[in-house]
Every structure is written in structure tokens, then in C-alpha cells.
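Can you keep this structure in mind? I'll have questions shortly.
The values are calculated or read from the model by the stated rules, or taken from the named source; none is laboratory data. Predicted model only: the values in this text are computed from it and were never measured. Don't worry about glycine lacking a Cβ; one is built from the backbone with ideal geometry, like all the others, and counts go over all protein chains shown.
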Amino acid sequence: MPTVETECRQVVVIGAGPSGAIAAALLKRKGHDVLMIERQHFPRFSIGESLLSHCLDFVEEAGMLDAVNAAGFQLKTGAAFAWGEQYSAFDFGDTFSNGKPTTFQVLRADFDKLLADQAALQGVEIRYGETIVSVVPDPAKPQLGVLREDGSEYRIEAQFILDASGYGRVLPRLLDLEAPSNFPVRQAVFTHVEDHIDNPAFDRSKILVTTHPTRRDIWFWTIPFSNGRCSVGVVAAAEHFAGRADNLDDCLRGFIAETPSLSAVLDNAVWDTPARTIGGYSANVKSLHGPGYALLGNAAEFLDPVFSSGVTIAMRSASMAAAVLHRQLQGENVDWESEFAAPLKRGVDTFRCYVEGWYAGTFQDVIYHPGSSPDIRRMISAILAGYAWDERNPFVAEPKRRLRMLSELCARDAT
């Protein structure tokens with residue numbers, strides 16, 4: 001049998017998306033040897049196009065903020081919600097956490113390539129078109145089997161592996177780490193349109209989240225880009241697609257036709273791109289770390305797209321993991337559970353509470369309530385901006401209790 005080529009590296013990052021690029025750059029900036037392996041070639045399509053303000057904290061930490069600011073992406077100042085005649089907008093410049101006041105709405109193909117290119121400019125080696133086919137966990141020398149595009153294979157011995165493979169979920173699949181999500185199976189159907197929006201009430205600097213008029217667990221996103229186009233999508237439980245058109249374009253436009261406020265916004269849109277779909281995307285894992293590896297972002301867990309939290313969680317996990325791993329590589333004793341997994345999960349669980357509240361209708365009652373106090377709106381706006389780890393915020397420190405109390409007050413006001 002031929003000898004398999006073996007390469008020794010310090011850190012291997014699987015996936016060159018946002019979490020991978022941020023983690024790799026942060027570790028390289030600390031002087032570590034970092035190799036990123038990416039199955040696809042960039043640029044490539046991805047959803048998750050509306051960034052939260054907290055994302056830019058990590059972009060800045062990784063030395064990439066100037067490049068992102070100069071890229072011409074659509075400025076985002078907040079989030080707007082519409083249900084029938086009701087409209088509620090939240091401004092990221094007015095939040096409890098006083099974080100970044102603005103962020104961007106991005107074509108992910110361009111954004112992800114920019115971050116990966118920035119990591120490469122900082123000295124990170126990236127290999128595109130290579131697939132991880134095997135892994136041997138080990139606390140000292142975990143190993144990866146890698147398949148090149150030409151069919152040849154080689155092996156890498158590393159000191160540590162970070163899985164930033166997103167929906168590919170490389171290590172969870174190879175190591176049987178996947179666990180069922182507690183969210184119902186939902187499906188998204190989406191496309192990009194040339195929007196031609198001339199509605200004066202529409203704010204291009206905000207994502208628009210629209211609730212279906214009669215089925216509050218169905219919602220739409222409208223994400224404007226700087227090039228006159230929009231990302232438009234619908235999210236619904238699987239049963240709501242029964243009896244609808246098999247053609248994805250007709251299916252999406254059928255949902256929108258049932259929603260007059262959104263139909264009016266998109267009245268002049270040119271539907272020039274075939275719709276796509278993704279379903280059953282909510283995911284979980286048995287553990288966020290193991291012998292010689294840790295899982296970042298969507299490779300570990302994905303909740304739901306409703307509050308655009310995915311990229312924020314991914315970048316937050318990258319920053320946290322890079323900090324712990326740097327200390328480990330320096331020879332310090334670290335505890336991945338208490339220093340990475342547990343604190344990361346606290347913010348994820350905050351988002352989870354509000355996602356569950358959205359579909360139950362209780363958080364929608366709060367968002368659409370016309371009489372919410374400015375202080376409460378600032379606390380909610382901080383979460384919508386991504387600051388779900390700021391436990392000074394009462395709606396972060398006690399999300400379930402605070403949301404329950406607030407929704408009960410809103411319901412009482414409505415009677």
C-alpha cells in the first residue's frame with residue numbers, strides 16, 4: 001500500500017466562512033500556525049445576509065473592520081417588524097448595551113470571500129476544494145484525513161482542530177455528535193430580486209420581518225442590498241407547505257400574495273432568480289468540544305433565522321474559542337466546558353428563548369405592542385443587535401421570566 005503523506009500543523013480550521021476566518025485570523029495574530037481547509041471555492045452562495053451589530057465587534061477584533069467598511073455593503077441601522085397595519089422599528093443606535101450603532105446587510109458570497117481574503121492577507125494559509133473525510137480525536141495530536149479534488153488523500157496531524165464548517169457539520173457527522181433539535185421542522189423558501197422598491201415607508205437600512213396576516217408562525221424576511229436588490233424569503237412549519245405549488249417561485253410568491261403589506265413593498269420587483277429552499281435546518285450537538293477539537297457556529301448549533309443570530313453566534317464562538325485555544329497553546333491549563341461551552345450557551349439560550357417566544361406569539365405581542373416603554377425597547381433592541389451575552393440587561397439575565405411578565409402585560413392591555 002502507498003504511504004499516505006502526513007503533514008504536521010498547529011491549528012487546523014475546517015471551513016472558511018465567517019467563524020473560520022475570524023478564528024483563524026485571531027490565532028494568527030497571536031503568532032500561531034493556522035491552516036484553513038474549505039470544501040468549496042469562494043465566492044459561493046450562502047444565506048444569513050443581515051448582520052447584527054455585535055458581529056462587527058469580532059470583525060474589528062480580527063483586524064478586518066476597515067476592509068468591511070470600505071466594501072460598499074448596505075448600511076443596516078436596525079430591524080423593522082410588520083404585521084397587517086402594525087409596524088415597529090428598533091434602532092441599533094439606541095440600545096441598552098451601547099454596542100456598535102450600525103452594521104451591514106451583505107451578499108454573503110462577497111462578504112465571506114472578503115473575510116477569508118483578509119485572513120489570508122494576515123498570513124493564514126487557506127486550501128480550497130479540499131474535503132475532510134476522516135478524523136481521529138486525540139487530546140495531544142488529533143488527525144484529519146483530507147481528500148483533494150484530484151482524488152489524492154493526505155493526513156494532517158494537528159495540535160488542535162476547530163470545526164467552522166457551518167451547515168456541513170463535518171465533525172458532528174464524522175464523530176456521531178449530532179443531537180436532535182427541540183425546534184419543529186421548518187422550511188425556508190427564498191430568492192434574490194431586483195426590488196425597485198419606491199414605497200416611502202420602506203427603510204432600506206433595516207431588515208424587514210413581516211408576520212403573515214393570519215398565521216403568526218409564518219414570517220418573511222426582506223433584506224435590501226446596496227445594489228438595488230433584495231433577499232426575500234418565507235419561513236413556515238412543514239405543514240404550511242402542504243397543498244402549495246411545487247414550483248418554489250410560485251410557492252414563495254403565493255405566500256407573499258397572502259400578505260398585503262409585503263405585496264405592496266414588492267409590487268415592482270423583478271423576479272429574475274430561481275428560488276431555493278432549505279429545510280430542517282435547526283441542529284444541535286451532544287458536546288461543543290472534545291479531545292483535540294471544538295465546534296464553532298452552525299457546525300455546533302443553529303436555532304432559526306428569525307433574528308439573524310446565526311452569524312453572530314458563529315463569530316462569538318470563534319472569538320471565545322480562539323482566546324481559550326491561545327492560552328492552551330501557550331501551555332496553560334484550560335477548561336473548555338467552563339471557559340467556552342457554558343458561557344457561549346448562555347447567549348445562545350437567550351436567543352432561543354426569544355425565538356421560541358416569536359413562534360408562540362408572546363414575543364410578537366411585545367414587539368408589536370404600541371405602548372412599550374423606551375427603556376424596555378432599548379433592552380429588546382440590544383438583543384436584536386446581538387448583545388445576548390450582556391447579562392446586565394434584565395432581558396438577557398432572566399429572559400424567560402421577563403418575556404413572560406411582559407407578554408402578560410401586553411395581553412392585559414389588549415383586552
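Can you tell me which of Thr312, Thr277 is surrounded by fewer than 16 Cβ atoms within 10 Å (Cβ to Cβ), among the hydroxyl-bearing types (Ser, Thr, Tyr) and touching a residue at least 40 places away in the same chain (Cβ under 8 Å)?
Thr277
Can you report the number of residues in the range 70-86 which are surrounded by 15 or more Cβ atoms within 10 Å (Cβ to Cβ) and without any contact (Cβ under 8 Å) to a residue 40 or more places away in the chain?
Summing the residues that are surrounded by 15 or more Cβ atoms within 10 Å (Cβ to Cβ) and without any contact (Cβ under 8 Å) to a residue 40 or more places away in the chain in the range 70-86 gives 0.
Can you tell me which residue among Glu61, Glu38, Glu49 is within 28 Å of Phe92 (Cα to Cα) and either buried (at least 24 other Cβ atoms within 10 Å of the Cβ) or in the same structural domain as Ile207 (by TED's automatic domain parsing) (or both)?
Glu49
Continuing with this model, one more query. Tell me, which residue of the range 140-159 that is charged (D, E, K, R) and out of contact with any Cys (no Cβ under 7 Å at 6 or more places or on another chain) is nearest to Ile37 (Cα to Cα)?
Applying the filter and picking the extreme gives Arg148.
Got at least one residue in the range 87-98 being farther than 28 Å from Asn393 by Cα, in contact (Cβ under 8 Å) with a residue 12 or more places away in the chain and not assigned by TED's automatic domain parsing to the domain that holds Val396?
no
Identify the residue in the range 79-128 that is of a type in the set (Asp, Glu) and assigned to a helix (DSSP H, G or I) and, among all such residues, is farthest from Cys230 (Cα to Cα).
Here the answer is Asp117.
Which is within 28 Å of Ala360 (Cα to Cα), within 24 Å of the chain's Cα centre (by Cα) and loosely packed, with under 14 Cβ neighbours inside 10 Å, of Val185, Val189?
Being within 28 Å of Ala360 (Cα to Cα), within 24 Å of the chain's Cα centre (by Cα) and loosely packed, with under 14 Cβ neighbours inside 10 Å holds for just one of Val185, Val189, which is Val185.
Still on this structure, please answer the following. Would the range 244-254 turn up any residue that is over 28 Å from Ser53 (Cβ atoms), assigned to a loop (DSSP other than H, G, I, E, B) and among the small types (Gly, Ala, Ser)?
Within the range 244-254, one or more residues are over 28 Å from Ser53 (Cβ atoms), assigned to a loop (DSSP other than H, G, I, E, B) and among the small types (Gly, Ala, Ser).
Now a separate question. Quick one: which helices (runs of 4 or more DSSP H) sit completely within the range 314-401 and have at least 1 residues that are more than 17 Å from Ser97 (Cα to Cα)?
Output list reads 342-360, 362-368.
Let me ask something additional. Quick one: which of Ile223, Ile313 is among the hydrophobic types (A, V, I, L, M, F, W, C), under 26 Å from Ala62 (Cβ atoms) and not assigned by TED's automatic domain parsing to the domain that holds Leu56?
None of the other options fit; the residue is Ile223.
Right, another one. Just to be sure, is Thr277 touching a Ser or Thr at 6+ places or on another chain (Cβ under 9 Å), farther than 15 Å from Gly166 by Cα and hydroxyl-bearing (Ser, Thr, Tyr)?
No: the conditions fail for Thr277.
Among the residues that make up the range 16-34, is at least one of them of a type in the set (S, T, N, Q), within 30 Å of Val146 (Cα to Cα), buried (at least 22 other Cβ atoms within 10 Å of the Cβ) and in contact with a helix residue (DSSP H, G or I) (Cβ under 8 Å, 6 or more places away or on another chain)?
yes
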